[in-house]
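K.L.:
Have a look at this one before I ask anything.
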Amino acid sequence: MIVELGHYALILAFALSLLQTVVPLVGAQRGWADWMAAANPLATAQFVLIALSFAALTYAFVTSDFSVVLVVDNSHTLKPLLYKISGVWGNHEGSLLLWVLILALFGACAAWFGGNLPATLQARVLAVQGSIGAAFMAFTIFTSNPFLRAAFPPFDGSDLNPLLQDPGLAFHPPFLYLGYVGLSMAFSFAVAALIEGKVDAAWGRWVRPWTLAAWIFLTIGIALGSWWAYYELGWGGFWFWDPVENASFMPWLFATALLHSAIVVEKRETLKAWTILLAILGFGFSLMGTFIVRSGLITSVHAFASDPERGVFILMIFAVFVGGALTLFALRSAALEAKGVFALVSRESALVLNNVLLAVASFVVFVGTMWPLVSEMAFDRVLSVGAPFFDAAFTPFMIALAIALPVGAVLPWKRGQLGRAARSMTGAAALAVALGALTFALQTGGSALGPVGVALGVWLVVGSFLDLYGRAGRKGLGDRLRRMTRLPRAEWGKAVAHAGLGVTIFAVAAVLGWASEDIRVARVGESFEHGGYTLTLTDVSREQGPNYITTMATIEVRDGARFVATLHPEKRVYPAAGMPTTEAAIDYSLTRDLYVALGDAQDGGGWALRTYVKPFATWLWLGAALMAFGGLVSLSDRRYRVAAGARKAPRAAATPAE
């Protein structure tokens, strides 16, 4: 009964989304206040209904209702409760329901917290958001129904993909979807502004909080996915340039560019056309990521096994929304004329450079991701584009961005002096060069990647806080520090986020430049040296888990005579799914990770062991956490909350429909 109610609620929400698409749009066009006002209750009702539908599906998973096909295919009675719940979105159909739930949530938030928006703009934003919801609910109901019933319910299920039975993957998809779908709000604001033919400073203020929220969620989601790949897949890396990894990274790059571009619209009423285009492309690449994950055309450990026909449906959604928005963009180009002018050396120019580097880097990732598919379809050639291409093609743009960022942040609006801005960063530059040179001198035989990463990381971190220090006036140190504490939260958030980028760049360079690897066969009782540590394989045992059987090794780690840790790498087999997984054992510390993965038993005796020493690996996720925290600090600034302080258009101009 509950499952049927969930199915019915989803269908009713689809009907309401069609009303939400049409009624407010007509009302805004005709100036009918009551039709425009209908958008708010429709958005709220749609969210409530989809939440009920999602709760019904979750209930079916938690109670192991094997009359539902999706539960049969993705759950098992012995599975822990956390993974029963995460099994709801650990598949194509359930994840789509989560997608539309988050989409409806953002629409409802625009209704609840958008009271300061002009009535016509709010109505059009909610209408566009409703149309996206209608498209994805149609996709869910007609091609990917999560409530299909089994004609002959089995006694037990097939279990969830074992790779997804992990806390990191339990939380990674919801955060990623909050980011993906959050960009739909920037898209809706862009299309609504194009329909109205008006993009001004107030619009830039309104769109920034939504973009910032989406960017924060995407940052957290990508970091969680990277961390999961690091400790779960057993290969010792944190980023593989996998197509699905790239599918989340490209919208993040566009969202980062959009955040900076919207500042220019708000402050100077210029770059309007570019900012609108970024909002369209950001959501467009989110849809492209959805296609990559669900079409079945590109193989990935992260992808949902799906059929190409569903991919065609997603491509149709992409064509309608992105193609329609770009057509409207072309028709409304006259309304996007920039008002502000600026010199070549100015804050605006620095932000343009920032945007160009991010956008081009994103297109480089897109070309590398899609080229194997294009090559196979167009030229009948099977090609593989891997990490060497992406490292060589993507890295220069990030280095240029890191070099330009601190100086660009201190340039004044409209017109500035490059020499004066550079002089304010002299201390940061000197410290960065000195530490980079010291690192190069101390390392023995290492690549230049480590010293360059140290220099860039220090340059970004110190430069970010020198920017704050410079904004606190020109009086004594004590007075400056007091003034720094009173700076707007958005300034602090920007500094923390930029510093987080510096920490991440340093950590990436340190891990790639200084990591060491050892692959060997070890017998029980045998010791070996690696990275200054002595590792002893003391035992290998077979254990029974909740829904798996594991082969667990016990490895004692010592640094000379000092005991360091006991590690337990595992090889698990999930009988219901018939699939093995590798569970790496990691001894975390602030300056290095000691990483051990257990391989198969060898014919001649012993076990295959892979051991890595990863310098500063923890700083990768510390940097991502700092970036997300910086975004949260900025979002807490009242000036950047939804429509706070923005110019409010009079609502009295609207009239009720007759």
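The values are calculated or read from the model by the stated rules, or taken from the named source; none is laboratory data. What you see is a predicted model, and the numbers here were worked out from it, not measured in a lab. Glycine also receives a Cβ, built like all others from the backbone with ideal geometry; neighbour counts cover every protein chain displayed.
K.L.:
Please find, within the stretch 548-583, the residue that is surrounded by the fewest Cβ atoms within 10 Å (Cβ to Cβ) out of those that are assigned to a loop (DSSP other than H, G, I, E, B) and over 35 Å from the mean Cα position of the chain (by Cα).
P.N.:
The extreme case among them is ALA561.
Per-residue answers, yes or no, for (1) under 30 Å from ARG638 (Cα atoms); (2) free of Cβ contacts under 8 Å to residues at least 40 places away in the same chain; (3) charged (D, E, K, R); (4) in contact with a Gly (Cβ under 9 Å, 6 or more places away or on another chain):
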residue	(1), (2), (3), (4)
ALA134	no, no, no, no
ILE141	no, no, no, no
PRO146	no, no, no, yes
ARG149	no, no, yes, no
PRO153	no, no, no, no
ASN161	no, no, no, yes
VAL181	yes, no, no, no
VAL199	yes, no, no, no
THR211	yes, no, no, yes
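K.L.:
Does LEU626 count as modelled with pLDDT under 95 and either in the same structural domain as ALA123 (by TED's automatic domain parsing) or of a type in the set (A, V, I, L, M, F, W, C) (or both)?
P.N.:
On the way: modelled with pLDDT under 95: no; either in the same structural domain as ALA123 (by TED's automatic domain parsing) or of a type in the set (A, V, I, L, M, F, W, C) (or both): yes.
No; evaluated as a whole, the condition is false for this residue.
K.L.:
Please specify each residue of the stretch 585-621 satisfying the condition of being part of a loop (DSSP other than H, G, I, E, B) and surrounded by fewer than 24 Cβ atoms within 10 Å (Cβ to Cβ). Explain how you work it out, then say what you get.
P.N.:
Filtering the stretch 585-621 for residues part of a loop (DSSP other than H, G, I, E, B) gives 589-591, 602-606, 616-617.
Result: SER589, LEU590, THR591, GLN602, ASP603, GLY604, GLY605, GLY606.
K.L.:
Still on this structure: Go through (1) in contact with an Asp or Glu (Cβ under 8 Å, 6 or more places away or on another chain); (2) under 30 Å from ALA577 (Cβ atoms) for TRP89 and report which single condition fails.
P.N.:
(1)
K.L.:
Can you confirm whether PHE254 is within 14 Å of the chain's Cα centre (by Cα) and over 30 Å from THR581 (Cα atoms)? Give the steps one after another, and end with the answer.
P.N.:
Working: within 14 Å of the chain's Cα centre (by Cα): yes; over 30 Å from THR581 (Cα atoms): yes.
Yes, satisfied.
Conditions tested, residue by residue: (1) in contact (Cβ under 8 Å) with a residue 24 or more places away in the chain; (2) farther than 27 Å from PHE175 by Cα; (3) in contact with a Phe, Trp or Tyr (Cβ under 7 Å, 6 or more places away or on another chain).
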site: LEU25; (1), (2), (3): yes, yes, no
site: GLN29; (1), (2), (3): no, yes, no
site: ALA33; (1), (2), (3): yes, yes, no
site: ASN40; (1), (2), (3): yes, no, no
site: ALA45; (1), (2), (3): yes, no, no
site: GLU93; (1), (2), (3): yes, no, no
site: LEU101; (1), (2), (3): yes, no, yes
site: ALA104; (1), (2), (3): yes, no, yes
site: GLY114; (1), (2), (3): yes, no, no
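K.L.:
Please specify each residue of the stretch 45-75 satisfying the condition of being β-branched (Val, Ile, Thr) and buried (at least 17 other Cβ atoms within 10 Å of the Cβ). Before the answer, list the steps.
P.N.:
First pass over the stretch 45-75, keeping only residues β-branched (Val, Ile, Thr): 48, 50, 58, 62-63, 68-69, 71-72.
The answer is ILE50, THR58, VAL68, VAL69, VAL71, VAL72.
K.L.:
Turning to a different aspect of this structure: Hey, among the residues in the stretch 529-547 that are over 28 Å from TYR574 (Cβ atoms) and exposed (fewer than 15 other Cβ atoms within 10 Å of the Cβ), which one's modelled with the highest pLDDT?
P.N.:
The extreme case among them is GLU529.
K.L.:
When the stretch 104-126 is examined, which residues are found to be within 19 Å of VAL48 (Cβ to Cβ) and of a type in the set (A, V, I, L, M, F, W, C)? Full working, then the answer.
P.N.:
Residues of the stretch 104-126 that are within 19 Å of VAL48 (Cβ to Cβ), as a first pass: 104-114, 126.
Of everything in the stretch 104-126, those that are within 19 Å of VAL48 (Cβ to Cβ) and of a type in the set (A, V, I, L, M, F, W, C) turn out to be ALA104, LEU105, PHE106, ALA108, CYS109, ALA110, ALA111, TRP112, PHE113, LEU126.
K.L.:
Using the structure shown, decide if TRP492 is touching a residue at least 60 places away in the same chain (Cβ under 8 Å), of a type in the set (Phe, Trp, Tyr) and under 30 Å from ASP637 (Cα atoms). Walk me through how you get there before you give the answer.
P.N.:
Numbers: touching a residue at least 60 places away in the same chain (Cβ under 8 Å): yes; of a type in the set (Phe, Trp, Tyr): yes; under 30 Å from ASP637 (Cα atoms): yes.
Considered against the rule, which asks whether it is touching a residue at least 60 places away in the same chain (Cβ under 8 Å), of a type in the set (Phe, Trp, Tyr) and under 30 Å from ASP637 (Cα atoms), TRP492 comes out as yes.
K.L.:
Out of everything in the stretch 50-75 that is closer than 18 Å to SER144 by Cβ and outside any helix (DSSP H, G or I), what residue ends up being nearest to the chain's Cα centre (by Cα)? Full working, then the answer.
P.N.:
Looking only at the stretch 50-75, we keep the residues that are closer than 18 Å to SER144 by Cβ, and these are 50, 53-54, 56-58, 60-61, 68-75.
Subsequent filtering for residues that are outside any helix (DSSP H, G or I) retains 68, 75.
Values: VAL68: 31, SER75: 27 Å.
Of everything passing the filter in the stretch 50-75, SER75 is nearest to the chain's Cα centre (by Cα).
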